[in-house]
Amino acid sequence: MIEEINNLEDKQPESEIKSDKTKSTFRKKALRKLAEAGLFFLELVKVGVLAAVTIIVIRHFLFKPFYVRGASMEPNFYDKEYLIIDELSYRFRAPVRGEVLVFKYPENPSEYFLKRIIGLPGERIKISAGTVRIYNQEYPDGVELKEEYLPDDLATAGDQIITIKDNQYFVLGDNRPNSYDSRRFGAVDSSAIVGRVIFRGWPFDRAEVIKTPTY
């Protein structure tokens, strides 16, 4: 009789056993869900960090946005247009005549100018009678620069001859009568060049890839 009483005391009600099992299963499922959520969150963090690093690298080492200020590059670039600057190309090759540059203003490096390359290192530039003439090894007697991207009636004001030093570039604004450029502050050192314009993103109706002219 005593053994039967003890056995009854040791036995746990079946409903309590099922309840304990249900709670255990719920805890396991909850822990599994939390673990999955944690892994998902960790992946999101990884993707976010990778995206941020990619943006920083592209923004600071490859491409940079630039807003046009002023009218010195009209009629090809207007005030407040949004441009994309390629900062990578010139690490592998020299700038080419006709490319549009962004560079640090020689007299105040905190300012950035937008101009077009006209003269290359070692060349001699003659501005006279509204034209630009280039002297180099290919054209020792000089050749007049034909700039088809400018209006036909636009003249390049000035009367000067400039010999460009090594690692320097002679730059002019497309709006020749209203451009403060190498005619005033001299040739631009290659170390001041930020990059070349490759794309106009704004306004949308003028969005286009910027091509280098041929001469």
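Read-outs throughout are calculated quantities, based only on the coordinates presented, and are distinct from any laboratory measurement. Bear in mind that the values here come from a model prediction, so they are computed numbers and not experimental data. Note that each Cβ is placed from the backbone with ideal geometry, even for glycine, and that neighbours are counted across all protein chains shown.
Out of the strands (runs of 3 or more DSSP E) lying entirely within the stretch 103-215, which hold 2 or more residues that are over 19 Å from the mean Cα position of the chain (by Cα)?
Details: elements: 112-119, 124-128, 131-135, 160-163, 168-172, 193-202.
By residue number, 112-119, 124-128, 131-135, 160-163, 168-172.
Please count how many residues of the stretch 157-193 are in contact with a helix residue (DSSP H, G or I) (Cβ under 6 Å, 6 or more places away or on another chain) and closer than 17 Å to residue 97 by Cα.
Selection size over the stretch 157-193: 3.
Conditions (1) touching a Gly at 6+ places or on another chain (Cβ under 9 Å); (2) under 15 Å from residue 77 (Cα atoms), marked per residue:
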residue	(1), (2)
115	yes, yes
135	yes, no
146	no, no
151	no, yes
156	yes, no
164	yes, no
170	yes, no
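Is at least one residue of the stretch 165-177 out of contact with any Lys or Arg (no Cβ under 7 Å at 6 or more places or on another chain) and either among the β-branched types (Val, Ile, Thr) or under 18 Å from residue 67 (Cα atoms) (or both)?
First, pick out the residues of the stretch 165-177 that are out of contact with any Lys or Arg (no Cβ under 7 Å at 6 or more places or on another chain): 165-170, 175-177.
This time we only want the ones that are either among the β-branched types (Val, Ile, Thr) or under 18 Å from residue 67 (Cα atoms) (or both), so: 175.
Within the stretch 165-177 (the criterion being out of contact with any Lys or Arg (no Cβ under 7 Å at 6 or more places or on another chain) and either among the β-branched types (Val, Ile, Thr) or under 18 Å from residue 67 (Cα atoms) (or both)), the answer is yes, since at least one residue qualifies.
Would you confirm, using the coordinates I've provided, whether residue 159 is closer than 26 Å to residue 105 by Cβ, among the charged types (D, E, K, R) and either crowded, with 19+ Cβ neighbours inside 10 Å or without any contact (Cβ under 8 Å) to a residue 40 or more places away in the chain (or both)? I'd like the intermediate steps shown before the answer.
Working: closer than 26 Å to residue 105 by Cβ: yes; among the charged types (D, E, K, R): yes; either crowded, with 19+ Cβ neighbours inside 10 Å or without any contact (Cβ under 8 Å) to a residue 40 or more places away in the chain (or both): yes.
Against the criterion (closer than 26 Å to residue 105 by Cβ, among the charged types (D, E, K, R) and either crowded, with 19+ Cβ neighbours inside 10 Å or without any contact (Cβ under 8 Å) to a residue 40 or more places away in the chain (or both)), residue 159 qualifies.
What about residue 98, is it closer than 26 Å to residue 68 by Cα, surrounded by 18 or more Cβ atoms within 10 Å (Cβ to Cβ), touching a Phe, Trp or Tyr at 6+ places or on another chain (Cβ under 9 Å) and not hydrophobic (A, V, I, L, M, F, W, C)? Break it down into steps so the answer makes sense when it comes.
Numbers: closer than 26 Å to residue 68 by Cα: yes; surrounded by 18 or more Cβ atoms within 10 Å (Cβ to Cβ): no; touching a Phe, Trp or Tyr at 6+ places or on another chain (Cβ under 9 Å): yes; not hydrophobic (A, V, I, L, M, F, W, C): yes.
The answer is no for residue 98.
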